[in-house]
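Report on the structure given below.
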Amino acid sequence: MSTSGSVVSGVPHLDVDPFAMDFFADPYPTHEVLREAGPVVYLDKWNAYGVARYAEVHAVLNDPATFCSSRGVGLSDFKKETPWRPPSLILEADPPAHTRTRAVLSKVLSPTAMKQVRDRFAAAAEERVDVLLEKRSFDAIADLAEAYPLSIFPDALGLKPEGREHLIPYASVVFNAFGPPNRLRQEAIERSAPHQAYVAEQCQRENLAPGGFGACIHAQVDEGAITPTEAPLLVRSLLSAGLDTTVNGIGAAVYCLARFPEQWQRLREDLSLARGAFEEAVRFECPVQTFFRTTTREVELSGARIGEGEKVLMFLAAANRDPRRWDDPDSYDITRRTSGHVGFGSGIHMCVGQLVARLEGEVMLTALARRIAKIEITSEPKRRFNNTLRGLDSLPVAITPA
Amino acid sequence: MPTISFVHPDGKSDRVETSDGESAMQVATRHGFDGILAECGGNAMCATCHVYVDENWIARLPAMAEDEDALLDGTAAARLPNSRLSCQIRITPDLDGLVLKLPERQV
């Protein structure tokens, strides 16, 4: 395979596939190999550069002029290949176009907007705990990590009741599609047509309930901020990235708290740690594991020369456990100062829905910790495989009421 | 390097050294002050590094951008005329002696 002549000596070539099933099963030893091989590595399997240390991941995220998003944030280069769906106007865009669309979503998902949904989200978390206390034994993925966001987010968006079963499968396609042309990606795209059709239909103005996030995006058309053809695509971003991510975030937090009972006890003793417990789970498990960028010019990064038009894979999860940046990186500590972790990214493309995620995580963990004394894992959890998302397929648990 | 002061909600104050090019948020988190959360890590996206700027200093800070202004409407503690986001206050030599008061809460 050609390496487009831009691989210079000094950049270690690694023969690892960070999109293989055995890697997903236990990525941590390979993350360490990637981090310790050098500040910049080359992945022969997919002809892409990789960065796994915190400093370089942070640097790439914060230099969008050199490491662009408009050529796709997966392995596929939109300059050379036709994207599998119309590109996102925010995720797969660069300034100045990105600046305008980003401002719209920032406004719709602002701290002020979160104050308006907070009580509703907290009440739904209590209702979820009511259900779980009835069950006592349940799957913490289906019955908690999925059920809770599904009970609030589609309504907050203003989606119709029909067809919501497409939401998680659609997101799964989107996040698989950032990966290389492996089986996960091919099969996801092959099966995507009905999910895409649902999403396209649901993003139209007439299908979004008044007052929801979706309607708020469309209202920006009337303000002249975006055009009528842009609005549905921006709603699509919330459908793509707003649900499965929080499912995996809440799943990660519950998985951590069930595995580390001393942290669960700390949380129970001080419920104000709930938000930190969620944030630390995002650092520790990193539900969104990776994103790519594409170089817009030849660039030197930590001594490595990278040519124009090269794909650079950022290992967010490896950066979040880089011992150069974090003390005791492999321990889950709900009192850790997590500011600066890259689980939500960093820079202009940092997760625009981060406040929704934190709010869901905080109120759900608060409700759980107030009313449940103990969470025990009752049988082996099963992993769900996705090219970008890390999470479980099932997590059988039993709870003891407080 | 300039030094700046953080006044905690209990009235105690800490005067600390800054490093070149740091934001006030970075100074506070580097010193481990609980009053600054900075959940978004300094990207002007979360409003959890809210500070009240001492009255004598408010006019000497650079004007705030539109995004900071909008975020301040969503702070957990009340927004006051001297409210700013500390991640947007870059420490320069002319800010030597700056005094920032930390709010009761950030979320």
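The values are calculated or read from the model by the stated rules, or taken from the named source; none is laboratory data. No experiment lies behind these values; they were computed from the predicted model shown. Glycine gets a Cβ as well: all are built from the backbone with ideal geometry, and neighbour counts include every protein chain shown. Side chains are part of the model used for accessible areas, which takes the heavy atoms of the whole protein and leaves out ligands, DNA and RNA. Shrake-Rupley method; radii C 1.70, N 1.55, O 1.52, S 1.80 Å.
Taking chain A as the region of interest, the number of lysine pairs whose Cα atoms are within less than 20 Å, with members eight or more places apart or on different chains, is 6. For A:ASP328, the solvent-accessible surface with a 1.4 Å probe is about 110 Å², rounded to the nearest 10. Think of each Lys and Arg Cβ as +1 and each Asp and Glu Cβ as -1; about the Cα centre, that makes the dipole of chain A roughly 440 debye.
Taking each DSSP H run with n ≥ 4 as -39500 (n - 2.57) and averaging over every residue of chain A yields -13500 deg cm²/dmol at 222 nm. Average projection, convex hull of the Cα set of segment A:349-399: 4.8 square nanometres. Computed from point charges on the beta carbon alone (+1 for Lys and Arg, -1 for Asp and Glu), the dipole magnitude for segment A:322-389 about its Cα centre is near 180 Debye. For segment B:10-55 and segment A:347-377, what is the separation of their C-alpha centers, rounded to whole Å? Centre-to-centre (Cα) distance: 24 Å. The trypsin sites (Lys or Arg not before Pro) of segment A:275-318 that meet both conditions, a loop assignment by DSSP and at most 13 other Cβ atoms within 10 Å of the site Cβ, are A:ARG297.
Legend: calculated FRET efficiency, A:GLU32 to A:THR400, from the Cβ-Cβ distance at R0 = 41 Å, rounded to 0.05, equals 0.65. Scan segment A:303-402 for GluC sites (Glu not before Pro) in coil per DSSP, keeping those whose Cβ has at most 13 other Cβ atoms within 10 Å, and list them by number. Hits after loop and neighbour filter: A:GLU308.
Among the residues of A:339-348, the average count of other protein chain beta-carbon atoms within 10 Å of the residue beta-carbon is 4. When you filter the trypsin sites (Lys or Arg not before Pro) in segment B:1-47 for DSSP loop state and at most 11 other Cβ atoms inside 10 Å of their Cβ, you are left with B:LYS12.
Cα-based radius of gyration for the protein assembly as shown, normalised by 2.2 N^0.38 Å, reads 0.96. Scoring A:17-23, A:198-204 by mean Cβ neighbours within 10 Å over their residues and listing the highest first yields A:198-204, A:17-23. Inter-chain Cβ neighbour count for A:107-119, averaged per residue, equals 3 (cutoff 10 Å, partner chain atoms only).
Here's how it looks for A:LYS45: its modeled amide H is under 5 Å from those of A:VAL16, which are all 5 or more places away or on a different chain. Each residue of segment B:43-58 is assigned a 3J(HN,Hα), and the resulting list reads 9, 6, 9, 10, 6, 10, 10, 4, 9, 9, 7, 3, 3, 6, 10, 4 Hz, derived from the Karplus form 6.51 cos²θ - 1.76 cosθ + 1.60 (θ = phi - 60°), x at Gly and Pro.
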